[in-house]
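So the structure is just underneath, and the comments pick up after that.
Each value in this text was obtained by applying a stated rule to the coordinates, not by laboratory testing. These figures come from a predicted structure and were not determined experimentally. Because the Cβ atoms are built from the backbone with ideal geometry, glycine has one as well, and the counts that use them run over all protein chains shown.
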Amino acid sequence: MELQKIKDLLEKYDAGETSLAEEQQLRKYFERNEVSESLKPYQLMFAFSAKENQESYDREINLPANKKENRYLWTAMAASIILVIGLFFFQNKPLEMNDKDVSTIQDREEALQKSMEALKMVSEIMNEGKQDLKYLKEFNNTKNKFIKTE
Amino acid sequence: MKQQAFLDKINPVKDKMYRLALRLLVSKEAAEDATQEVILKLWNRKHKIKDYTNLEAFAMMVIKNHCLDELKAKKNNNLRIVHQNYENKSISPQRDLELKDEMNWIQDIVADLPEQQKIVFQLRDIEQLDFEEIEEITKMKSTAVRVALSRARKKIRERLTNKHDYGITKN
């Protein structure tokens with residue numbers, strides 16, 4: 001590269017306006033060429049920068065193990081075991097009870113009574129539920145205000 | 001974040017962090033301590049690191065602040081052992097100065113710069129970072145970065161020139 005171009009670049013360099021690529025050009029130039037006394041300081045500066053870039057951090061990085069993560073892991077394991085055991089017991093119990101209930105009533109009369117009772121209870125509960133639905137009528141009332149059916 | 005993932009991220013940055021710490025704190029021991037502390041700090045806050053898109057700039061900013069705090073705390077203890085005697089004419093310079101001596105001059109000249117200029121010079125000329133990154137690390141405006149850089153470069157060069165001229169005329 002011609003000297004004038006280098007000098008122009010150095011002027012820009014002094015002003016802090018060179019790009020990284022231009023600084024790379026300068027670096028290479030000063031690495032490869034002998035320079036006049038007036039440019040010597042630049043050469044030293046670039047040599048210094050290159051040398052300082054060689055320093056490295058040699059200590060080993062020891063990171064403390066993360067206890068938080070382990071604690072969560074154990075909690076998660078305990079919770080899932082409890083969940084599995086719980087599901088096992090709750091799913092088995094009702095089935096056994098049903099079998100017993102069916103087999104206990106032998107007498108026909110008693111069986112009829114029992115089922116009547118049960119059906120009555122169901123209908124009572126249904127009626128109760130129906131009562132709660134009464135207010136649905138309001139919908140019709142309001143609807144009829146707007147839509148006249150003749 | 002897993003330990004290995006963290007190390008993979010921090011390994012390419014740790015030398016740069018150390019060099020900036022070394023530039024500011026001068027002593028190798030202090031710079032190594034600072035780097036270690038900052039790496040641990042980052043590790044402890046690793047769940048937040050995902051938010052920082054540019055870990056390098058963030059790590060550099062943290063170590064810069066850490067070192068400046070350290071300097072502030074130790075100012076009274078006179079941590080900086082900086083030579084103030086470049087203009088001292090009683091020291092006779094030798095004609096055949098080895099490159100090593102010249103490197104030491106620059107080292108001392110850089111150590112003598114104001115902190116802001118030191119940081120910008122380190123990041124630009126030694127680490128060759130682009131201006132956006134330097135702005136992010138130093139939290140300085142683009143023009144301020146360029147001004148600081150220009151001043152640092154000129155000051156180093158002028159001092160070197162003086163030293164050289166002096167050496168030549170004397171012998």
Residue mean of other protein chain beta carbons inside 10 Å, A:35-48: 5
Once phi is turned into θ = phi - 60°, what whole-Hz ³J(HN,Hα) does the Karplus curve with 6.51, -1.76 and 1.60 give for every residue of the range B:10-18, x standing for Gly and Pro? 8, 4, x, 9, 4, 5, 5, 4, 4
Checking the table B:K2/B:K72; A:K28/B:K100; B:K28/B:K48; B:K16/B:K41 against a 23 Å threshold on Cα-Cα, which pairs fail? B:K2/B:K72; B:K28/B:K48
With label points built 7 Å along Cα→Cβ from the Cα atoms of B:E37 and A:M121, find their separation and express it in nm. 7.4 nm
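Partner chain Cβ atoms within 10 Å, averaged over the residues of A:6-16 - can you pull that number for me? Each step should come with its number before you reach the end.
Values: counts 0, 0, 0, 0, 2, 0, 1, 6, 6, 6, 14.
That works out to 3 on average.
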Whole-number value, in Å³ per residue, for the convex hull of the alpha carbons of the range B:109-151 is 61 Å³
Those lysines that a straight Cα-Cα span of less than 25 Å connects to A:K130, excepting residues fewer than 8 apart in one chain: A:K114, A:K120, A:K143, A:K145
